[in-house]
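K.L.:
Pasting a structure here, questions to come.
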Amino acid sequence: MSFESFFNPQSVAIVGASRQKGKVGYEILINMVQAGYPGKIFPVNRKADEIEGLKCYPDLVSIGEVPDLVILVIPAKIVPAVMEECARIGTKAVVIITAGFKEIGKEGKALEDKIVHIAKEAGIRIIGPNCLGLIVPVNKVNASFGGDLPSPGGIAYLSQSGALLAAILDMANANDIGFSKLVSIGNKADVNELDLIRAVSDDKDTKVIAGYLENIADGDAFVRQAEKISHIKPILLMKSGGTSAGAQAASSHTGSLAGSETAYESAFERAGIIRCGSIKQQFDYAQAFSNQPLPAGPSVVVITNAGGPGIMAADAVERVGLTFAKLDEKTVEKLKSVLPPAANFYNPVDILGDALADRYSSALDIVIDDPNVDSILILLTPQAMTEAAATAEAIVRISRAKPTKPVLACFLGVSKVEEGVKILRKGDIPQYDSPESAVETIKVMSEYVRWRSRPKRVVKLFPVNRRKVEHIIERHQRQGIREVGETESKEILEAYGFVTPKGSIATSAEQAANIASQLGFPVVLKIWSPDILHKSDVGGVRVGLKTEQEVKDAFDLMMYRIPKKQPDAHILGVLVQEMCSSGKEVILGMNRDPHFGPLMMFGMGGVMVEVLKDVSFYLAPLTADEARQMLMDTKTYKILKGVRGQEGVDIDKIAEGLQRLSQLVTEFPQILEMDINPYVVGPIGTTPIAVDARMSLEV
Ligand code: ADP
Ligand code: MG
């Protein structure tokens, strides 16, 4: 469906239009009128003949033509009846402002289902209900009660919070920020965030897509499609916490370490979405993305009339990992020929406190041509002679004449720079209130460029024994067993190419000693019970047993002590296992997020994993690069690489383990959570060993 009827309607009916100031039905009507909407407006109100000079109709049918867009501002109870009317006359686009649906509970949900049903049958699309409306500045559509019509611009904004949209509108109008579209998506009964992001992705007026979301309707589809759209236009999202449907009691380490926001973070990263922490940050970024070209690389030049802010900017450049541009010799020569001798001709280019507009103008005109410069930040502090307005005009003029590199400005101060700031904003130069926020914006832009040019994702598929895993999982599910213990989890892992320690089950001390001598000493003893998830917690693991006698004693002790600690545990025996002599312990895990699917985890393993919390997450399926990146995102990585003369471990083997696990959990959606902890890894060339594993199944 095209959103043309929403974004560029030729006629609009407002059902529930009111004559009474302060009523939503009045505010929407007056906003449409005051916006200068050139199409036809049909107020629908049974009790009025005219409102604000517009002829009123008792119902939609009486209009005698089909309005492109219908806005409903009527009590929730009668919305279904009016939706039926929309269906009868053949309107295809409806915005329901009315509240009192899903958000109020069961009754409201039933009402909402009803209107969605009517819409589906009739091929009508709905924005809302429970929303603030819709604004399209270029077409002079202000079908909202959010505020005055903003100026046209390159930002498309969608908000799940109506009130927030009103605040954004107010801020934007005060700062001359323009929009292509503003949509309050309300309860998302029909049109959701993804529909709208798709709708504006090929809209010529939209340069950047921004929004505020509380949840995402279909995580999987969202990630896949947003990833494609991010290649065309940057997507900047604010996401508030909210409650997570995934907050079930976790039984794995991975499950307990994955916070409700972890999956969102991962999903946004995968899709190239730029996550913003505040409205200010979002508009800092949006201004630059919508008005300036993207930087070709990371090097930044700073032009300033004050030393202090210049140093602040330089520090920020270094802190965020951008490069401080080394100016070309020719650039330096040219600067010397126009600037006073006391100026600094290197980066930051300090044109001195008495600089007038002409110095800014010539310095910018010179450095913008330097091949070593990717983006330009201009700082200005208002000293007695400073010409903020004329400087702003010069910046606008030069950046328009040479529109190949992003130019950002930071005019510090308030009243003395006010006029200059206005000129900058009108001239599409993003203005920042601190050097740091400008630098941060350049960083985000260059990260986006890097994300866009990253190689295509290729997920490697390993040859595995799927059938075997299928059998084990089905058997558990048939018996209603949710938790898969160490031995069976390891069988599953072996089918996916993991190596596990050799070992067998013993039910007597004698048998344990026999198995141990066959395996060779030292050995490990572990309690085997479907009711004990974390064996060490109950004294159920003994490592480094060197003789048959030690094994027998350890066996007897476990059998004596554990039933006392956990009387209800059904103990099947003891696992006698070969001991992995050396290596580092890491954890590989997965927790299935209800919205985004399997979320992989890597971290420092062993029994301290929850204490240290040095873990990283990423959505499966993983590519080799993503698996390696997961390792690099932890502090453990440095230890694994080898520190202070200690030999490093085989990093690529760990990354391969993560990829194999990612394949397993992608191919078996029945696995809800799992840990391999510890995964013991040794030096390059050795094979890592899955020493312990457990998983939970859907039953
Ligand atoms: P659980 O996590 O249920 O307490 P594990 O099997 O992970 O039990 O054992 C706990 C710890 O004992 C491991 O983190 C590891 O340090 C050590 N360990 C267990 N099995 C072995 C083994 N086969 N070789 C070497 N160390 C082991
Ligand atoms: Mg363990």
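FYI, it's all coordinate maths here, none of it is from the lab. Owing to the predicted nature of the structure, the values given are computational and were not obtained by experimental measurement. Note that we place each Cβ from the backbone using ideal geometry, even for glycine, and neighbour counts take in every protein chain shown.
K.L.:
Let me know the number of lysine pairs in the stretch 522-642 closer than 22 Å at the Cα, not counting same-chain pairs under 8 apart.
P.N.:
22
K.L.:
Enter the angle in degrees (range 0 to 90, nearest 10) between the Cα long axis of helix 329-338 and the first principal axis of the Cα atoms of the chain, meaning the one along which they spread out most.
P.N.:
Once rounded, one gets 30 degrees.
K.L.:
Within a Cβ distance under 12 Å of Gln34, other residues only, what is the Lys/Arg minus Asp/Glu net charge? Walk me through the numbers on the way to the answer.
P.N.:
Numbers: positive: Lys140; negative: Glu27, Glu52, Asp148.
For residues surrounding Gln34, the net value is -2.
K.L.:
Can you list the lysines whose alpha carbon sits under 24 Å from that of Lys468, skipping same-chain ones fewer than 8 residues off?
P.N.:
Partners found: Lys460, Lys490, Lys502, Lys653.
K.L.:
Which ³J(HN,Hα) values, rounded to whole Hz and listed in residue order, are derived for the stretch 96-105 from phi using the Karplus coefficients 6.51, -1.76 and 1.60 in 6.51 cos²θ - 1.76 cosθ + 1.60 with θ = phi - 60°, glycine and proline given as x?
P.N.:
9, 7, 3, 9, x, 10, 2, 5, 9, x
K.L.:
Say the dipole of the stretch 459-522 comes from +1 at the beta carbon of Lys and Arg and -1 at that of Asp and Glu; which of Phe462, Gln477, Phe521 then lies farthest toward its positive end?
P.N.:
Phe462
K.L.:
Could you put Trp451, Trp528 in order, starting from the residue whose Cβ has the fewest other Cβ atoms within 10 Å?
P.N.:
By the 10 Å Cβ count, ascending, the order reads Trp451, Trp528.
K.L.:
Let me ask you something else. Specify whether the C-alpha gyration tensor of the chain places it in the rounded, prolate or oblate class, a ≥ b ≥ c being the square roots of the eigenvalues: rounded for a/c under 1.5, otherwise prolate if a/b is larger than b/c and oblate if not.
P.N.:
oblate
K.L.:
Between the stretch 334-358 and the stretch 172-213, how many Å separate their Cα centres?
P.N.:
Centre-to-centre (Cα) distance: 43 Å.
K.L.:
Can you tell me the orientation of helix 466-478 relative to the chain, as the angle in degrees between its alpha-carbon axis and the longest Cα principal axis, to the nearest 10?
P.N.:
With rounding to tens, the tilt is 90 degrees.
K.L.:
What order do you get for 66-73, 186-193, 511-518 when each peptide is scored by the mean count of other beta carbon atoms within 10 Å, highest first?
P.N.:
In decreasing order of mean packing, 66-73, 186-193, 511-518 become 66-73, 186-193, 511-518.
K.L.:
What's the angle, to the nearest 10 degrees (0 to 90), between helix 162-174's Cα axis and the longest principal axis of the chain?
P.N.:
For helix 162-174, the angle is close to 50 degrees.
K.L.:
Check cross-link reach from Lys92 to the lysines: straight Cα distance under 18 Å, and skip same-chain residues fewer than eight apart.
P.N.:
Here the lysines satisfying the reach criterion relative to Lys92 are Lys40, Lys114, Lys120, Lys188.
K.L.:
Taking the DSSP beta bridges in the chain as the whole, what percent of them are antiparallel, to the nearest 5?
P.N.:
50
K.L.:
Could you name the lysines in cross-link range of Lys326, using Cα to Cα under 30 Å and dropping any fewer than eight places away on the same chain?
P.N.:
Counting by Cα, and skipping residues close in sequence, Lys326 has these lysines nearby: Lys334, Lys336, Lys402, Lys405, Lys443.
K.L.:
Still on this model: Between the alpha-carbon centers of the stretch 438-469 and the stretch 1-54, tell me the distance in whole angstrom.
P.N.:
Taking the Cα centre of each part, the stretch 438-469 and the stretch 1-54 sit 47 Å apart.
K.L.:
I need the shape label for the stretch 1-145. Rule: rounded when a/c is under 1.5, else prolate if a/b > b/c, else oblate, with a, b, c from the alpha carbon gyration tensor. If you can, show how the numbers build up before the last one.
P.N.:
Details: a/c = 1.44, a/b = 1.32, b/c = 1.09.
Verdict is rounded for the stretch 1-145.
K.L.:
Normalising by the residue count of the chain, find the relative contact order in percent from Cα pairs under 8 Å and 6+ residues apart. Let's see the in-between values first.
P.N.:
On the way: 1476 pairs, mean separation 62.2, N = 699.
RCO, the chain: 9 percent.
K.L.:
Follow-up question, since we're still on this one. Got a sec to turn the phi values of the stretch 284-291 into Karplus ³J(HN,Hα) couplings, 6.51 cos²θ - 1.76 cosθ + 1.60 with θ = phi - 60°, whole Hz, x for Gly and Pro?
P.N.:
Per residue, the Karplus-derived 3J(HN,Hα) values read 4, 6, 4, 4, 6, 4, 7, 10 Hz.
K.L.:
A follow-up question, please. Shape of the stretch 5-87 from its Cα gyration tensor (a ≥ b ≥ c, root eigenvalues): rounded if a/c is under 1.5, otherwise prolate when a/b > b/c, or oblate?
P.N.:
Since a/c stays below 1.5, the shape of the stretch 5-87 is classed as rounded.
K.L.:
Pulled fully out, how much extra length does the chain show between Asp369 and Arg644, if you take 0.36 nm times their separation in residues and subtract their Cα-Cα distance?
P.N.:
This chain segment gains 94.4 nm when fully extended.
K.L.:
Which order do the peptides 147-154, 636-643 come out in when sorted by mean C-beta neighbours inside 10 angstrom, highest first? If you can, show how the numbers build up before the last one.
P.N.:
Details: 147-154: 18.8, 636-643: 15.2.
With the highest mean Cβ count within 10 Å placed first, the list reads 147-154, 636-643.
K.L.:
Could I ask something else about it? Packing-wise, with mean Cβ within 10 Å as the measure, how do 597-610, 392-405 rank, highest first?
P.N.:
597-610, 392-405
K.L.:
Same structure, new question: Between Ala221 and Lys635, what is the FRET efficiency for a Förster distance of 25 Å, r being their Cβ-Cβ separation, to the nearest 0.05? Please list the in-between numbers first.
P.N.:
Working: r = 35 Å, r/R0 = 1.39.
Plugging the Cβ-Cβ distance into 1/(1 + (r/R0)^6) gives 0.10.
K.L.:
Tell me the GluC sites (Glu not before Pro) within the stretch 625-699 that lie in a loop according to DSSP and have at most 13 other beta-carbon atoms within 10 Å. Each step should come with its number before you reach the end.
P.N.:
Details: sites: Glu626, Glu647, Glu656, Glu667, Glu673, Glu698; in loops: Glu647, Glu698.
Loop-located and lightly packed - Glu647, Glu698.
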